[in-house]
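Novice: Once you've had a glance at the structure underneath, I'll fire off some questions.
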Amino acid sequence: MHQQLRITEEEIIGQCKTGSLKYQELLYKQFYGYAMGISLRYSVNRDDAMEVVNDAFIKVFNAINNFNSDKPFKAWLRTILVNTAIDRRRKDLKFQLNVELENAMPAISVNGIETLNVQDILKLMNELPTIQMTIFNLYEVDGYSHDEIGQLLAIPVSSSRVYLSRAKEKLRNVIRSEEQKHG
């Protein structure tokens, strides 16, 4: 009877550090779903997300010797994925940043969010302009501060706050609209 050996994450990473293509493929396959989940939040479409994932894994394999095994690999990979997605968006965002930043809307509470599933939320996120979607993800999902977002995107901290506020308002309006259609 053939027994399948279980290869640990540490062993895979160790072999990736030696340049083993077989183990790089194993690492890619093991973390592909996780990477796509993160990438889809920052990407306009699935093809764009796939490019971010592939670019990020190239960076991972090029920098794998710098990985500190005292820290979780997933956290390191997530940082590379987010930064890769931001790098890809940065040139597009520069054009969108010329929009007027005044008159941000105040927060209004909406209860419809409890009934949404992940697919609904991702669909709602696609309704946002790229800059708003990116800042919403960085702040609300990945926990970056406005100062960190300002540095990542090379924008003023106040702009990050305004774009987040606008993103939330747009999401509220879309949710309200959906509730009125179905409620």
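Novice: Within region 70-80, which residues are over 21 Å from residue 21 (Cβ atoms) and without any contact (Cβ under 8 Å) to a residue 60 or more places away in the chain? Even if it seems obvious, please write down each step before you answer.
Specialist: The first filter runs over region 70-80 and keeps only residues over 21 Å from residue 21 (Cβ atoms), leaving 70-72, 74-75, 78-79.
Across region 70-80, the qualifying residues are 70, 71, 72, 74, 75, 79.
Novice: Still on this structure: Kindly list, by first and then second residue, each pair from a residue in region 16-31 that is over 17 Å from residue 59 (Cβ atoms) and of a type in the set (A, V, I, L, M, F, W, C) to a residue that is in a helix (DSSP H, G or I) and open to solvent by less than 60 Å² (accessible area, probe 1.4 Å), limited to pairs with Cβ atoms under 6 Å and residues at least 6 apart or on different chains.
Specialist: These pairs meet every condition: 26/12.
Novice: Got at least one residue in region 41-62 being farther than 30 Å from residue 121 by Cα, assigned to a loop (DSSP other than H, G, I, E, B) and without any contact (Cβ under 8 Å) to a residue 24 or more places away in the chain? Let's see the steps before the verdict.
Specialist: To start, the set of residues in region 41-62 that are farther than 30 Å from residue 121 by Cα comprises 61-62.
Still in the list and also assigned to a loop (DSSP other than H, G, I, E, B): none.
No: region 41-62 contains no residue that is farther than 30 Å from residue 121 by Cα, assigned to a loop (DSSP other than H, G, I, E, B) and without any contact (Cβ under 8 Å) to a residue 24 or more places away in the chain.
Novice: Residues of region 3-53 being open to solvent by 80 Å² or more (accessible area, probe 1.4 Å) and closer than 22 Å to residue 65 by Cβ, which ones?
Specialist: Of everything in region 3-53, those that are open to solvent by 80 Å² or more (accessible area, probe 1.4 Å) and closer than 22 Å to residue 65 by Cβ turn out to be 10, 11, 18, 21, 22, 25, 29, 30.
Novice: Go through (1) part of a loop (DSSP other than H, G, I, E, B); (2) under 30 Å from residue 128 (Cα atoms); (3) open to solvent by less than 50 Å² (accessible area, probe 1.4 Å) and name the single condition residue 84 misses.
Specialist: Here residue 84 clears every test but (1).
Novice: Tally time: how many residues in region 147-170 are open to solvent by 20 Å² or more (accessible area, probe 1.4 Å) and assigned to a helix (DSSP H, G or I)? If you could, list the steps in order and put the result at the bottom.
Specialist: Here is the first cut: in region 147-170, the ones open to solvent by 20 Å² or more (accessible area, probe 1.4 Å) are 147-148, 151-152, 154, 156-158, 161-162, 165-166, 168, 170.
Remaining after also requiring assigned to a helix (DSSP H, G or I): 147-148, 151-152, 157-158, 161-162, 165-166, 168, 170.
Total satisfying the criteria: 12.
The values are calculated or read from the model by the stated rules, or taken from the named source; none is laboratory data. Computed from a prediction, not measured in an experiment: that's the story for all the values here. A quick note on method: Cβ atoms are made from the backbone with ideal geometry, for glycine too, and the neighbour counts reach across all protein chains shown. All accessible areas refer to the heavy atoms of the entire protein, side chains included, with ligands and DNA or RNA removed. Shrake-Rupley method; radii C 1.70, N 1.55, O 1.52, S 1.80 Å.
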